[in-house]
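Read-outs: derived from the displayed coordinates by stated rules, not from any lab. As the structure is a computational prediction, the values presented were derived from the model and not from experiment. Neighbour counts run over all protein chains shown; Cβ positions are idealised from the backbone, glycine included.
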């Protein structure tokens, strides 16, 4: 079926489903490939479009154009990323544009900002929203505080708070990432990291080499390499003595580079500090 016909039948509900070229609908959901591009409330004459899917690829953009051409003028259209609350999404869009407006020299983003604000007001009116979540209330208040005629000044405090909020989020994400990597390292080393226990190893986010551990008669690395312990110790002693170890074999691998800071065996880089931590106490 022609994709324009698919879009038309989706809007008017002429069929419960229809399929075109990677473009289909089933009841109130319209799909671009297998992703939900839009939803519809025909009774209230509202179309909701997922902006993330709408701009995902050239094909998705074409599918979105078919949809827009099929929507009657008496319909309300709201577009945002479905993974976020509508008001939160629009609030973030607005303040991103305000930041761009503050730096702009030739292009003004004021008309776009005004359209989004009008769209938010229309969304609230159409849905007859009387109660909002705590987060949405805060974000709607941010939007209402904007004075288009005095845009930068009226938004300065909110922009400042927004930067602080994003910084807090980044710090929280960094901590979660650090905790996750520390947990992985703890499992690998069979340890529970503690600041008070100097024998435990803290994961270093700036560390670009592997971690090592002794496992019976082998040395294992965090990138899943296993080599014989006896050969590792012999190679380590040669490295400590200042001998040229380039080209020497270790298990199925060979040394391709060495310096006072690290040794590269195959594609694995091992820091001198980590070699000393694990093998230093065995020689």
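Counting only DSSP beta bridges whose two residues both lie in the chain, roughly 85 percent are antiparallel.
Under Stokes-Einstein, with the Kirkwood radius over Cα pairs standing in for Rh, what whole-number D in µm²/s applies to the chain at 20 °C and 1.002 mPa s? The calculation lands on 87 µm²/s. Compute the Rg to Rh ratio over the range 129-269 from the alpha carbon atoms, using the Kirkwood formula for Rh, and round to two decimal places. Taking Rh as the inverse mean 1/r over Cα pairs, Rg/Rh reads 1.29. Mean silhouette area of the range 3-80, derived from the convex hull of its C-alpha atoms and averaged over all directions, reads 4.3 nm². Highest average first, the peptides 240-247, 210-217 ordered by how many other beta carbon atoms sit within 10 Å of their residues are 210-217, 240-247.
Using the Stokes-Einstein relation with a Kirkwood hydrodynamic radius computed over Cα pairs, the translational diffusion coefficient of the range 212-282 at 25 °C and a viscosity of 0.890 mPa s comes to 205 µm²/s.
Note on 91, 105, 165: ascending count of other Cβ atoms within 10 Å places them as 105, 165, 91, the fewest first. Taking every C-alpha pair closer than 8 Å and separated by at least 6 residues, the mean separation divided by the residue count of the range 212-282 gives a relative contact order of 22 percent. Rounded to the nearest 10 degrees, the angle from helix 110-126 to the longest Cα principal axis of the chain is 70 degrees.
By DSSP, what percent of the beta bridges with both residues in the range 3-80 are antiparallel, rounded to the nearest 5? Expressed as a percentage, antiparallel bridges in the range 3-80 total about 75.
What residue among 266, 55, 13 shows peak mean-square fluctuation when the chain is described by a Gaussian network model with Cα springs under 10 Å? Taking springs between Cα atoms under 10 Å, the residue moving most is 266. Distance from the Cα centroid of the range 43-108 to that of the range 183-202 is 47 Å (rounded to whole angstrom).
Estimated purely from DSSP H runs of n ≥ 4, each contributing -39500 (n - 2.57), the mean residue ellipticity at 222 nm for the chain is -15000 deg cm²/dmol once divided by its residues.
When you restrict to C-alpha pairs under 8 Å that are six or more residues apart and normalise by the size of the range 3-80, the relative contact order lands at 27 percent. With kT/(6 pi eta Rh) evaluated at 20 °C and eta = 1.002 mPa s, and Rh the Kirkwood radius from Cα pairs, the range 30-69 diffuses with a coefficient of 210 µm²/s according to Stokes-Einstein.
Of all the options 271, 224, 35, the one that moves most in a Gaussian network model of the chain with Cα springs shorter than 10 angstrom is 224.
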